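One structure is given below, encoded as structure tokens.
The values are calculated or read from the model by the stated rules, or taken from the named source; none is laboratory data. Just so it is clear, the model here is predicted, and its values are computed rather than measured. FYI the Cβ positions are ideal-geometry reconstructions off the backbone, even for glycines, and counts take in every protein chain you see.
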Amino acid sequence: MLCAWSRCSFAGASTADAVAATATQPRLFLYNLAVAGELQDRGVDEWVPDGRFLWLGLATLVVTVTLAAVSYYLVERPLLRRKPYRRPAS
């Protein structure tokens, strides 16, 4: 079953965790193809001859999630703090 991160309820997950997961999600799509191509060029898919796709997929997932989180916390989050807050129209 697919659902949006912000609408999913995970046991033990706080609201801040849900917001961070929702904010990081678009970066996963942004970095995924570039990371997979770079890892394949560097030979990650040849680490284990029998599981080429598995190793490339796992390495891509780990690097992409890490890169997306770093991008959110070091770039976008500080910029969002500087954005003026607007109250919703009532």
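Observations on the structure shown:
- Filter pass, residue 19 being modelled with pLDDT of 85 or more and in a helix (DSSP H, G or I): no
- For region 63-86, a tally of residues being under 28 Å from residue 44 (Cβ atoms) and surrounded by 12 or more Cβ atoms within 10 Å (Cβ to Cβ) returns 12.
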